[in-house]
Amino acid sequence: MDAAELVERLLAGDRRALARVLTRVEDGTPARLREVVALLHPHTGRARLAGITGSPGVGKSTLTSALLAHWRGLGRTVGVLAVDPSSLFTGGALLGDRVRMQDHVLDPGVYVRSMASRGHLGGLSWAAPQALSVLDAAGFDVVVAETVGVGQAEVEIASLADTTVVVLAPGMGDAIQAAKAGILEVADVFCLNKADRDGADRTVRELRDMQALGVTRPAPADGPPWVAPIVRTVAAAGEGIAELAGAVDAHRAWLEEGGGLAARRRGRARRRCATWPWRRCARRSGAWTTATGSRGRPSGSPTARSTPTPPPTSCWRRSRRAEWSRPKGQSRASHLVHKLRAGPGSGPSSQESPWSPPPARRRPQRGA
C-alpha cells in the first residue's frame with residue numbers, strides 16, 4: 001500500500017492505517033519518511049501537545065493514565081506516545097508503559113503507541129518528532145509524549161512539546177539538587193506526584209526557593225511572565241488530576257494570548273530541519289540501527305537477532321575517537337596530516353566493527 005493511500009485512510013480515522021504509518025516513520029527509511037511527512041504536514045498543528053518527563057519511578061505512566069481518564073471525561077480524544085529505554089546489551093525494550101494504561105484499551109477515543117529509544121539520548125527516540133506529527137494529523141485533541149526515566153540533562157522533550165510537565169516525587173533530592181541547572185529549568189508545570197508521602201512539603205518549599213531565584217518564562221508579548229505552578233497529585237488515587245489538567249490548559253492559554261505558541265512551533269520546525277542532515281549522516285555511517293533490523297552491520301556479520309544491538313549514538317563516536325586518537329607527544333597538526341596522507345583505511349575502525357570499543361591505552365608504570 002502506497003503512502004498516499006495510507007495517509008488518506010489515516011485522515012479518515014482508520015486506526016490500522018495510523019499504526020502502519022507510525023511503523024513506517026519508526027523504520028526510518030529516508031525516502032518513506034520524507035514522503036509521509038510531506039503528506040501529513042498540512043494537517044498538523046491542531047492538537048495540544050503535552051510532554052511528561054521525570055526521573056524513573058516517579059509515576060509518569062500512572063499519571064498519564066489518570067490524565068487520560070480526565071480528558072476523556074471532558075470528551076477529548078487523546079493520543080499517547082510512550083518511549084521505553086532499549087537494553088544496552090540485547091537492544092530490546094520492554095515497552096511496558098502501556099501496561100499501566102489497560103483501562104483505556106477498549107476506548108476508541110484513546111490511542112497508545114509504545115516506542116523504544118534505540119540508544120537515542122535525550123529521553124525520546126529518533127522517530128519521536130515525526131511520530132508526534134502523525135498523531136497530531138490523526139485528529140486527536142490532545143497528544144501526550146511520555147519520556148523514559150530521565151536525568152538532569154535529558155531535556156529534548158522541551159523542544160517538542162507545547163507544555164512540558166516535569167514529574168517529581170518527595171525525597172528525590174535536597175535544596176542544592178533543586179537549584180542545579182537542567183531538567184527543572186524546562187518545566188512549564190511542576191507535578192509533585194505521590195504527595196501523600198513524607199517530605200512533600202519540603203519538596204514544594206525547595207521548588208519555590210528555586211523559582212525565587214528567577215527561573216520564570218518571559219512573556220512573548222506585553223504581559224505577565226509565566227511562573228510554573230506546583231501541583232500536588234496522587235495519581236494512583238486520582239487526586240489532583242483535575243488541577244494538573246487545569247494548569248496545562250492555563251499554560252496553553254498563556255501561550256496563545258502572547259503569541260508564544262506560534263513562536264515555539266516555528267522554532268520546533270527550524271530545529272527539525274537543522275537536525276535532519278545529521279540523522280542522515282548517522283544512518284550512512286552505520287550508527288542508525290533498528291531493534292530488529294541489521295542496517296549498519298558489516299558484511300558477513302551475524303543476524304541482528306543473534307547479536308546484541310549496541311546503542312547507535314555512542315558506537316560511531318567510539319570508532320571515530322579510536323581512529324583519530326593521536327599518540328602522546330605528537331602535535332594535532334602533524335597527526336592530522338599523517339592521517340590524511342594515510343587515507344581513510346588507516347584507522348583501527350577499518351579492521352573492527354563500527355561498535356567495537358577503542359583499544360585500551362596502557363599507562364606507563366612508574367620507575368620503568
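Filter the range 7-40 for residues that are closer than 14 Å to Ser133 by Cβ, out of contact with any helix residue (DSSP H, G or I) (no Cβ under 7 Å at 6 or more places or on another chain) and hydrophobic (A, V, I, L, M, F, W, C) and give the result.
Answer for the range 7-40, where residues must be closer than 14 Å to Ser133 by Cβ, out of contact with any helix residue (DSSP H, G or I) (no Cβ under 7 Å at 6 or more places or on another chain) and hydrophobic (A, V, I, L, M, F, W, C): just Ala38.
I'd like the full set of residues that are closer than 18 Å to Leu11 by Cβ and within 12 Å of the chain's Cα centre (by Cα), limited to the range 124-171.
Across the range 124-171, the qualifying residues are Gln130, Ala131, Leu132.
Under the condition of being over 20 Å from the mean Cα position of the chain (by Cα) and of a type in the set (A, V, I, L, M), which residue from the range 19-39 is modelled with the lowest pLDDT?
So the residue we want is Ala31.
Find the residue count for the range 23-47, including only residues that are surrounded by fewer than 21 Cβ atoms within 10 Å (Cβ to Cβ), outside any loop (DSSP other than H, G, I, E, B) and in contact (Cβ under 8 Å) with a residue 12 or more places away in the chain.
Looking only at that region, the number is 10.
Can you tell me which residue is farthest from the chain's Cα centre (by Cα) among those in the range 172-198 that are modelled with pLDDT of 90 or more and of a type in the set (Gly, Ala, Ser)?
My answer is Ala195.
From the list Asp222, Asp249, exactly one residue is surrounded by fewer than 18 Cβ atoms within 10 Å (Cβ to Cβ), at pLDDT 80 or above, in the same structural domain as Leu88 (by TED's automatic domain parsing) and among the acidic types (Asp, Glu). Which is it?
None of the others qualify; the one that does is Asp249.
The values are calculated or read from the model by the stated rules, or taken from the named source; none is laboratory data. The structure displayed is predicted, hence computed values, not measured ones. Methodologically, a virtual Cβ is constructed for each residue, glycine included, from the backbone with ideal geometry; neighbour enumeration extends over all protein chains shown.
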